[in-house]
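The values are calculated or read from the model by the stated rules, or taken from the named source; none is laboratory data. Everything quoted here is computed from the prediction, not taken from an experiment. Note: ideal-geometry Cβ built from the backbone for every residue, glycine included; neighbour counts use all protein chains shown. Heads up: the accessible areas ignore ligands, DNA and RNA and are worked out on the full protein's heavy atoms, side chains in. Shrake-Rupley method; radii C 1.70, N 1.55, O 1.52, S 1.80 Å.
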Amino acid sequence: MSKPLSAETIALVKATAPALQQHGVAITTRMYERLFVNEDVKALFDQAAQESGEQPKRLAAAILAYAQNIDKLEALGGPVERIVTRHVETGVKREHYPYVAEALLPAIRDVLKEAATDEILAAWGEAYWFLADILIGKEEEAYAQ
Ligand code: HEM
């Protein structure tokens, strides 16, 4: 597992979580515009979209909710297992994670503008990868079985 998040990162992420939640839909909409420029990534979602049009909101909402609870990660067990199951069903792999990071972080800046400072985005980047590493590890275990 990745090294623990620093107290400073946790504080920065927590401090901005309310603003991100307030603008959640704008951020998720922007994030998916950016993400789906990549046709291979888009195809992962196209198949699944038959089932759920709500997905764009869910993925980013999960990331935002995670950030809000970043100082009590033990509460994450149930949701994490569910995400892992969906990801394995839809074929999400390690190599897809950078695309979401590269879509989410600029989307935060697009929406929050100068309020999203470099320091804040760096903290969010760290927090994203901390969660991503947990998911990637569990997904690789599931694929190996
Ligand atoms: C830290 C990163 C991520 C988080 C927190 C996250 C979160 C979620 C959540 C909450 C769901 C819905 C689970 C449910 O059905 O309740 C989901 C499903 C899904 N995610 Fe992720 N995800 C992440 C990364 C990714 C990446 C990198 C990809 C691929 C580019 C991806 C693609 C998908 C797909 C295709 C689904 C299923 C869509 C559907 O059910 O219609 N996710 N994810």
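Overview of results
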{"read-out": "Flag if residue 75 is open to solvent by less than 40 Å² (accessible area, probe 1.4 Å), of a type in the set (Gly, Ala, Ser) and either assigned to a helix (DSSP H, G or I) or near the ligand (Cβ under 9 Å from one of its atoms) (or both)", "value": "no"}
{"read-out": "Qualifying residue in region 86-93 (condition: in a helix (DSSP H, G or I) and closer than 21 Å to residue 25 by Cα)", "value": "no"}
{"read-out": "Single unsatisfied condition, residue 59 versus (1) farther than 22 Å from residue 6 by Cα; (2) of a type outside the set (Val, Ile, Thr); (3) open to solvent by 40 Å² or more (accessible area, probe 1.4 Å)", "value": "(3)"}
{"read-out": "Members of region 57-72 found to be more than 9 Å from the ligand (Cβ to nearest atom) and modelled with pLDDT under 75, listed by number", "value": "57"}
{"read-out": "Scope region 88-105; condition open to solvent by 40 Å² or more (accessible area, probe 1.4 Å) and touching a residue at least 60 places away in the same chain (Cβ under 8 Å); matching residues", "value": "99, 102"}
{"read-out": "Among the candidates 32, 97, residue that is hydroxyl-bearing (Ser, Thr, Tyr), near the ligand (Cβ under 8 Å from one of its atoms) and in a helix (DSSP H, G or I)", "value": "97"}
